[in-house]
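As structure tokens, the structure follows; a few thoughts come after it.
The values are calculated or read from the model by the stated rules, or taken from the named source; none is laboratory data. For clarity, every value in this text was computed on a predicted model and none was experimentally measured. Note that we place each Cβ from the backbone using ideal geometry, even for glycine, and neighbour counts take in every protein chain shown. Ligands, DNA and RNA are excluded from the accessible area calculation, which covers all protein heavy atoms including side chains. Shrake-Rupley method; radii C 1.70, N 1.55, O 1.52, S 1.80 Å.
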Amino acid sequence: MPVLEGKELRIVGFLCNWCSYGGADTAGVARAGQPTDLRVIRVPCTGRVDPLFIVKALLEGADGVLVSGCHPRDCHYSVGNFYARRRLEVVREFLPVIGIDPRRFAYTWVSASEGQRWQEVVQKFTAEIHDLGPAPRLEDAKPLLRLADMALTSLHPLGTGEKAALAELKEAIKAKLPELEFVIGWQQGYDAAHTVPLFMKTPEDVDKLVWGPLNVNNLAVYLPQFKGRKVGIVVKGCDSRSIAELLQEKLINREDVTIFSIPCEGVLDMARVNTELGRYTKIDSVTMDEASVTITADGKEHRFCMTECAQGKCYGCTTPGAVIADQRFGTPVEVTPAAHTPPELAMLDAMSLEERMGFWKAQMERCLRCYACRNACPMCVCRDYCISDARDPHWMSQGESARDKLFFQTIHALHLAGRCTGCGECQRACPVGIPILALRQQIARAVGKLFGGYQSGINPEAIPPLLTYAVEEPHIHERDW
Ligand code: SF4
Ligand code: SF4
Ligand code: SF4
């Protein structure tokens with residue numbers, strides 16, 4: 001018999017086989033009254049609860065999700081719930097950025113003998129979900145396309161790299177080339193405002209190398225496919241973090257890769273620049289001075305200050321110099337340590353939950369499902385076996401719904417939890433300019449908060465926080481039921 005009066009809501013419960021499912025059974029055998037809103041899914045261990053289960057349930061119409069397992073130190077598999085605790089905390093921090101109230105998700109520990117505790121947990125959680133009422137649906141959200149003003153404040157001076165030590169770098173690459181198959185860098189691209197990857201095999205190739213704010217691509221994306229071969233790479237600071245992360249995950253060998261670096265002074269956000277340029281048929285030329293870029297399009301000059309049109313990631317960049325390099329050139333750029341919220345994320349922070357859901361609905365309706373965001377990501381290394389394409393299990397349809405597309409972004413963001421270095425390639429590659437980096441930045445913020453300020457791709461020796469656990473988590477304060 002329902003304990004709560006009124007209409008049932010939909011609550012999905014993931015219970016571990018060994019403790020909480022037993023606890024629910026004990027409550028049942030003792031005839032302890034429970035609300036009937038909960039739909040139980042039995043799992044072998046809370047460690048089996050993929051955070052995507054939670055987001056999928058909430059996006060598909062659940063009003064609440066409850067995960068329950070064995071108490072810490074009582075796990076049947078020793079440490080499954082320790083791993084689970086970290087993932088579940090991260091997913092709880094993620095929910096509000098897509099407009100879902102985090103109070104709709106909770107996790108707890110109930111042993112097989114704690115029938116009475118199980119009854120209390122279910123009653124309290126169900127009552128809380130009833131207080132919140134039925135969950136808002138993405139389908140019903142009011143689309144919001146407005147982009148709030150972004151506060152652009154840099155942690156270090158942005159410039160055009162005009163004084164970069166390019167000549168020295170070229171000489172060093174030429175000297176090292178005989179030991180390497182090739183060195184990856186950038187060359188002038190299909191128009192004056194774009195550069196493209198350059199694979200240098202001869203000294204003549206090295207002469208084509210360019211440096212400056214048009215070198216946007218993160219070339220580290222190529223490295224895993226050349227594992228075991230001797231190659232070189234030229235990096236910006238953020239690219240070097242991708243290399244550190246690839247090393248952490250043993251996706252490349254340190255002894256195989258020679259890293260050349262010049263301190264970076266920021267790269268242009270061409271999406272922002274194109275908005276300013278308006279419609280044009282041809283970019284005629286690009287010239288730079290110390291702090292600005294002048295683009296001539298269809299014969300008309302447009303001047304861009306680097307402080308106003310750099311990529312969002314550059315405004316809070318703490319690593320303009322490489323975190324790991326074999327050969328460094330140029331003068332290091334000074335960084336002012338300060339608490340900083342990336343502009344894309346600050347924009348979402350300023351919105352209500354309802355507005356965020358409307359924002360993502362409107363953005364995802366523009367998404368082409370081209371997966372350029374996934375393919376450009378240097379850390380998205382299982383793209384050939386991506387679960388978004390899987391038919392068994394069938395995680396998502398190939399349909400056009402904003403919900404499916406937002407779920408795909410959730411897959412990418414959560415699979416990069418504790419691994420994403422914020423390089424921004426996903427957003428840069430998006431042909432329709434959807435600000436998806438904010439989803440990754442929210443996770444990076446959660447990881448920093450939960451794991452003592454951890455930043456991915458800084459220390460090649462560190463273990464990414466979601467690939468390990470701590471018995472006592474100093475920064476996780478579990479809910480007191
Ligand atoms: S994030 Fe830092 S290193 Fe990367 S492009 Fe921007 S300023 Fe350069
Ligand atoms: S998710 Fe985006 S920001 Fe993060 S590593 Fe991949 S491409 Fe870079
Ligand atoms: S790159 Fe942009 S359009 Fe393509 S799948 Fe990603 S978000 Fe959608």
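Are there any trypsin sites (Lys or Arg not before Pro) in segment 163-221 that are in a DSSP loop and have at most 16 other Cβ atoms within 10 Å? List them by number.
Filter output for segment 163-221: LYS163, LYS201, LYS208.
P(r) tail for segment 181-309, what percent of Cα pairs lie past 19 Å?
The proportion of pairs with Cα distances above 19 Å equals 54 percent.
Please list, short to long, the whole-number percent of alpha-carbon pairs of segment 364-481 in consecutive 5 angstrom bins beginning at zero.
Over segment 364-481, the share of Cα pairs per 5 Å bin runs 2, 10, 19, 21, 18, 13, 10, 6, 2, 0 percent.
State the percent of C-alpha pairs, over all pairs in segment 330-415, separated by a distance greater than 15 angstrom.
Pairs farther apart than 15 Å: 70 percent.
Keeping all protein chains in the complex and leaving out DNA, RNA and ligands, what accessible area do you get for SER68 with a 1.4 Å probe, in Å² to the nearest 10?
It works out to around 0 Å².
Dimensions of the chain along principal axes (Cα, Å, largest first)?
81, 47, 43
If I fit a long axis through the Cα atoms of helix 166-176 and take the longest principal axis of the Cα atoms of the chain, what angle between them do I get, 0 to 90°, rounded to 10?
The angle comes out at about 80 degrees.
In terms of Cα to Cα distance under 14 Å, which aspartates and glutamates are near enough to LYS227, apart from those fewer than 8 places away along the same chain?
LYS227 reaches GLU181, GLU249, GLU255, ASP256.
Run through the DSSP bridge list for the chain and note the antiparallel percent, rounded to the nearest 5.
Of those bridges, close to 40 percent are antiparallel.
Could you check the spin-label model distance between ALA291 and TRP481? Points 7 Å from the Cα along Cα→Cβ, value in nm.
The modelled label-to-label distance comes out at 5.8 nm.
To the nearest 500 deg cm²/dmol, what mean residue ellipticity at 222 nm is calculated for the chain from DSSP H runs of n ≥ 4 alone, each contributing -39,500 (n - 2.57), summed and divided by the residues?
My calculation for the chain gives -9000 deg cm²/dmol from helical runs alone.
Normalised by the empirical 2.2 N^0.38 Å for globular proteins, what value does the Cα Rg of segment 47-97 take?
Compared with the compact-globule rule of thumb, segment 47-97 sits at 1.20.
When only DSSP loop residues count, what chymotrypsin sites (Phe, Trp or Tyr not before Pro) in segment 163-198 have their Cβ near at most 12 other Cβ atoms within 10 Å?
Counting only loop positions with at most 12 other Cβ atoms within 10 Å, the chymotrypsin sites (Phe, Trp or Tyr not before Pro) in segment 163-198 are TYR190.
Rounded to a whole number, what % of the accessible area of segment 156-249 do carbon and sulfur atoms account for, probe 1.4 Å?
51 percent
Calculate how steeply helix 115-132 sits against the longest principal axis of the alpha-carbon atoms of the chain, using the helix alpha-carbon long axis, and give the answer as 0 to 90 degrees to the nearest 10.
That works out to roughly 60 degrees.
Probe 1.4 Å, all protein chains in place: accessible area of MET396 in Å², nearest 10?
Roughly 0 Å² of MET396 is accessible to a 1.4 Å probe.
Among the GluC sites (Glu not before Pro) within segment 304-394, which fall in a DSSP loop and have no more than 16 other Cβ atoms within 10 Å of their own Cβ?
Answer by residue number: GLU334.
Grab the alpha carbons of segment 1-98, take their convex hull, and tell me the volume per residue in Å³.
Convex hull volume per residue, Cα atoms: 99 Å³.
Once the whole set of protein chains is in place, how much accessible area is left on HIS76, using a 1.4 Å probe, in Å² to the nearest 10?
Spelled out: HIS76, probe radius 1.4 Å, area about 100 Å².
If one takes the longest principal axis of the Cα atoms in the chain, at what angle in degrees, from 0 to 90 and to the nearest 10, does the Cα axis of helix 353-366 lie?
60 degrees
Write down the accessible area per residue of the chain in Å², having rolled a 1.4 Å probe over the full set of protein chains.
Using a 1.4 Å probe on heavy atoms only, each residue of the chain averages 44 Å².
Going by amide H atoms built from the backbone, whose H comes under 5 Å of the H on GLY13, apart from near neighbours?
For GLY13, whose amide H was placed from the backbone, the distant partners under 5 Å are ARG39, VAL40, ILE41, LEU66.
Cα centroid distance between segment 1-71 and segment 301-376, in Å?
Centre-to-centre distance over Cα atoms comes out at 38 Å.
Stretch GLU400-VAL196 to full length: gain in nm at 0.36 nm per residue minus the Cα-Cα span?
Value of the extension gain: 70.3 nm.
For ILE476, list long-range residues whose amide hydrogen, built 1.01 Å from N in the peptide plane, is under 5 Å from its own amide hydrogen.
Distant-sequence amide H within range of ILE476: zero hits.
If each Cα of segment 309-348 is one equal point scatterer, what is log10 of I(q)/I(0) from the Debye formula at q = 0.22, 0.33 Å⁻¹?
-0.82, -1.20
Using a 1.4 Å probe and counting only protein heavy atoms, arrange THR36, THR153 so the residue with the most accessible area comes first.
THR153, THR36
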